[in-house]
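One structure is given here, and the rest of the page talks about it.
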Amino acid sequence: MEASQRAVPAILLALTDEQEARNLSWALSIHYECIIVSSGAEALRLAGTHHVDAIICDAQLEDMSGAQCLFDFRTQQPTAIRFLCGLGTDSSEFADALHVAAVYEYLRKPLFPDLVALSLKRAMEYREISREHRQPIHNLPRQPFSKDADSNPSQTEGGTLKEHTESLERGMVISALKRFHGNQSRAAKALGLSRVGLANKIKRYAIDIERT
């Protein structure tokens, strides 16, 4: 079943501290279906049988590193949002996970349920906004081969790559503003921008807030 059709998003908690996992699961269960495992092997077995919307993984599990677990999990469920959590004492820890497993966010321990819930909410909102404006590759204009195009690869029949990117970005900004009824603070958080950053994009793309 697709994530968008699920009544309750599923969150996988791959945490070695059983009490921490239970506390977090209890707090998140109001809005999410939580599944608890303590090893990478368990997480990867579950990836083959259950759809997961997000995974929160310890930096070090019983049998493998969190970065390795998230990398392997990503190959099975690439759309799952990936979080790594740890004490934050090793800056290379998150850098490695970001590079290897495309981690969405690093959660510093101890895990406070309210903060984790906020991070999950923002991640889910951003994913939905991205889905609404993601264009399948086969729908993009195709440029017939020509010597002129080969000599200037930035030009395409339907516009430049920059133009396509700006169009997608403008659409995501408008969608976020509509979703939150013009509330720029909430829209900025969902898009992963600062309030000033969002204001700059609104000005850049001449977006009429009153009409969104």
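The values are calculated or read from the model by the stated rules, or taken from the named source; none is laboratory data. Because the structure is predicted, anything quoted here is derived from the model rather than measured. No Cβ is skipped: glycine too gets one built from the backbone with ideal geometry, and neighbour counts run over all protein chains shown.
Checked across the stretch 109-117, the condition of being assigned to a loop (DSSP other than H, G, I, E, B), touching a strand residue (DSSP E or B) at 6+ places or on another chain (Cβ under 9 Å), surrounded by fewer than 22 Cβ atoms within 10 Å (Cβ to Cβ) and not aliphatic (A, V, I, L, M) holds for at least one residue. The number of residues in the stretch 5-26 being assigned to a helix (DSSP H, G or I) and either within 23 Å of residue 128 (Cα to Cα) or within 21 Å of the chain's Cα centre (by Cα) (or both) comes to 3. Going through (1) surrounded by fewer than 20 Cβ atoms within 10 Å (Cβ to Cβ); (2) under 18 Å from residue 123 (Cβ atoms) one by one, residue 36 falls short only on (2). Only one entry of 79, 49 meets the criterion of being within 29 Å of residue 193 (Cβ to Cβ) and loosely packed, with under 15 Cβ neighbours inside 10 Å, and that entry is 79. Tallying residues that are more than 19 Å from residue 124 (Cα to Cα), at pLDDT below 75 and part of a helix (DSSP H, G or I) within the stretch 168-212 yields 2. Against the criterion of being surrounded by fewer than 17 Cβ atoms within 10 Å (Cβ to Cβ), farther than 28 Å from residue 54 by Cα and at pLDDT 70 or above, residue 163 qualifies.
Criterion applied to 73, 94, 83 was being farther than 21 Å from residue 26 by Cβ and at pLDDT 90 or above, and the one residue passing it is 73.
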